[in-house]
Amino acid sequence: MNESNHEQVISFEKYLRGFHPVKPTGSLPVAPQSMRLRALALTAAALVFFGLLMVMMPMRSSRTKVSSRAEGVVGSRRPVNVTVGQLNVALRLTDRDLGRMLDQSSSNLLPRAHPGTALYELSKE
Amino acid sequence: MKFFSRRRPGRDQIQAFYEEYGPGLLLYARSLLGSKHTAEDALQHVFMKLLEQGSIPEEPKLYLYRAIHNAALNLLRGDRAVEIGEVEPWFEAPPEDFTARVALKNALLQIPAEQRQVVVLHIWGGLHFEEIAQVLGIAGNTAASRYRYGLQKLRAAMQPKDAVHE
């Protein structure tokens with residue numbers, strides 16, 4: 001390629017570059033469907049999660065109230081050790097007194113057949 | 001070849017690619033497919049895929065031209081025939097050069113497709129011959145020789161206008 005031919009080529013290339021391709025008529029595509037579906041699925045999952053959370057919260061709080069109430073009952077009434085003598089005294093008093101005493105010591109009561117317990121002693125009588 | 005980095009693409013960045021490379025990519029697709037409508041389908045497909053990729057190409061221009069090339073070939077295989085007779089312009093030219101842009105489009109359509117591809121990629125895509133070779137899957141020398149022949153034929157096809165130009 002001689003000098004003048006090379007210059008002609010350069011000139012022609014420059015001329016061609018003066019033409020600008022037309023721009024696309026559309027804009028950049030929106031997020032592809034798979035991305036939109038993923039976003040939708042995430043939103044739905046989050047909504048379900050929060051929905052479940054809203055449902056679970058009141059149940060949990062009511063359960064907490066019940067258990068704390070139960071704890072309060074147990075906590076306020078510490079089991080009392082009952083001696084055979086006390087039991088004999090209570091047996092001679094009213095049924096109400098006996099009931100209260102058994103109530104107070106209920107968590108300490110062992111099965112009837114267990115030697116050394118009040119019930120064991122009672123069962124021997 | 002490593003095309004992607006680990007960076008996540010922001011929509012703004014892809015928008016910038018679309019604005020910078022969109023016209024050249026569209027022209028290249030039109031030079032293969034003829035129809036503007038079909039070429040825009042290919043362009044949308046390429047950018048949708050880029051949005052889906054979740055990573056930015058390390059060489060975005062090269063990646064995009066390769067992607068549009070493949071998208072256009074897929075459309076051609078899918079029986080989306082070239083519409084040579086389409087009247088819509090390929091170029092935005094100054095008003096005084098209205099006839100020249102028509103002549104240029106016609107001249108481009110007259111030269112063999114493989115030479116037209118290289119001319120469009122080099123002149124309006126701004127790709128080097130080695131990059132063109134990667135897009136088309138040919139040797140760099142082949143790309144350079146196709147360009148030389150294509151440019152000669154283009155000049156010849158535009159001779160009357162070219163004579164006025166010079």
Hits in the range B:29-55 - residues which are more than 7 Å from every other protein chain (Cβ to nearest Cβ), assigned to a helix (DSSP H, G or I) and over 16 Å from B:Glu88 (Cβ atoms): B:His45, B:Val46, B:Lys49, B:Leu50, B:Gln53
Complete set of residues in the range B:112-146 that are crowded, with 21+ Cβ neighbours inside 10 Å and over 12 Å from the mean Cα position of the chain (by Cα): B:Ala143, B:Arg146
Where a residue in the range B:27-40 is modelled with pLDDT under 90 and its partner, wherever it lies, is among the acidic types (Asp, Glu), with Cβ under 6 Å and at least six apart: B:Gly34/B:Glu83; B:Gly34/B:Glu86; B:Ser35/B:Glu83; B:Ser35/B:Glu86; B:Lys36/B:Glu88
Entirely in the range B:105-166, the helices (runs of 4 or more DSSP H) that have 2 or more residues that are among the hydrophobic types (A, V, I, L, M, F, W, C) and at pLDDT 95 or above: B:113-123, B:129-136, B:140-157
Any chance A:Phe12 is more than 8 Å from chain B (Cβ to nearest Cβ) and either modelled with pLDDT under 65 or in a helix (DSSP H, G or I) (or both): no
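The values are calculated or read from the model by the stated rules, or taken from the named source; none is laboratory data. Computed from a prediction, not measured in an experiment: that's the story for all the values here. Counting neighbours? That spans all protein chains shown, and the Cβs are built from the backbone with ideal geometry, glycine included.
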